[in-house]
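Participant: Below is the structure I would like to discuss, written out as structure tokens.
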């Protein structure tokens, strides 16, 4: 007699994860190759200025909109996890996505693809670029890059704000974090702790998709 505790899903039906860290080791079932995983994250690391949140919009474009490796709601949830835990946001996201898609080997491939471009560019600049940093044209180019990074960060804030600030509770959490970091003379980490604790208290029991607008 078959047990009713484990019901089979219809073939082809997508399995819904319940949280940003759910089923991290199911990557063996995904057809994404390690080489493809490495190449995608290598491109993300190579063509993004600023890193961190500036890289998040490029990562969302590649993983959610272009390749559809993850749903938008789950991406937002994992982005929250990558932001809260210690370490670089881009590396944390690479670990979460790589392990979800191909297990530990996928996590290693994604992390290597993310950090390798920056490592190579820094070595190249240290080798041949340092003497030219004070050149007027090079200095002007670097100032332009700073403006471009500011634009990327603003676009990241707009993109994620449009998706997340569609619920009154999310707005309350956001305002609480802004108040802590913008008004009180405390370390910015307190903004994350306060916003995270408040979000847990008022949004507990929700799934990631419950807190997102249905619009793309």
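The values are calculated or read from the model by the stated rules, or taken from the named source; none is laboratory data. All values reported here derive from a predicted model rather than from experimental measurement. FYI the Cβ positions are ideal-geometry reconstructions off the backbone, even for glycines, and counts take in every protein chain you see.
Participant: Might you check whether a residue that is over 19 Å from the mean Cα position of the chain (by Cα), under 22 Å from residue 55 (Cβ atoms) and assigned by TED's automatic domain parsing to the domain that holds residue 52 occurs anywhere in the stretch 176-185?
Facilitator: Within the stretch 176-185, not a single residue is over 19 Å from the mean Cα position of the chain (by Cα), under 22 Å from residue 55 (Cβ atoms) and assigned by TED's automatic domain parsing to the domain that holds residue 52.
Participant: Please go through the stretch 126-159 and pick out each residue that is within 27 Å of residue 95 (Cα to Cα) and out of contact with any helix residue (DSSP H, G or I) (no Cβ under 7 Å at 6 or more places or on another chain).
Facilitator: Answer for the stretch 126-159, where residues must be within 27 Å of residue 95 (Cα to Cα) and out of contact with any helix residue (DSSP H, G or I) (no Cβ under 7 Å at 6 or more places or on another chain): 148, 150, 151, 154, 157, 158.
For (1) closer than 24 Å to residue 85 by Cβ; (2) at pLDDT below 75, each residue gets a yes or a no:
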{"site": "12", "(1), (2)": "no, yes"}
{"site": "17", "(1), (2)": "yes, yes"}
{"site": "21", "(1), (2)": "yes, yes"}
{"site": "24", "(1), (2)": "yes, yes"}
{"site": "27", "(1), (2)": "yes, yes"}
{"site": "31", "(1), (2)": "no, no"}
{"site": "36", "(1), (2)": "no, no"}
{"site": "45", "(1), (2)": "yes, no"}
{"site": "52", "(1), (2)": "yes, yes"}
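Participant: Also, quick follow-up: I'm trying to understand the selection: among the residues of the stretch 97-125, which are exposed (fewer than 14 other Cβ atoms within 10 Å of the Cβ) and closer than 27 Å to residue 71 by Cα?
Facilitator: 104
Participant: Further question on the same structure: Would a scan of the stretch 163-170 turn up a residue that is modelled with pLDDT of 85 or more and farther than 25 Å from residue 96 by Cβ?
Facilitator: There is no residue in the stretch 163-170 that is modelled with pLDDT of 85 or more and farther than 25 Å from residue 96 by Cβ.
Participant: Where in the stretch 31-119 are there helices (runs of 4 or more DSSP H), lying fully within it, with 1 or more residues that are on the phi > 0 side of the Ramachandran plot, more than 11 Å from the chain's Cα centre (by Cα) and in the same structural domain as residue 141 (by TED's automatic domain parsing)?
Facilitator: Hits in the stretch 31-119: none.
Participant: Within the stretch 138-148, is there a residue that is within 20 Å of the chain's Cα centre (by Cα), modelled with pLDDT under 80 and assigned to a helix (DSSP H, G or I)?
Facilitator: no
Participant: Do the conditions hold for residue 119, that is, is it under 19 Å from residue 54 (Cβ atoms) and without any contact (Cβ under 8 Å) to a residue 40 or more places away in the chain?
Facilitator: For residue 119, the condition - under 19 Å from residue 54 (Cβ atoms) and without any contact (Cβ under 8 Å) to a residue 40 or more places away in the chain - is met.
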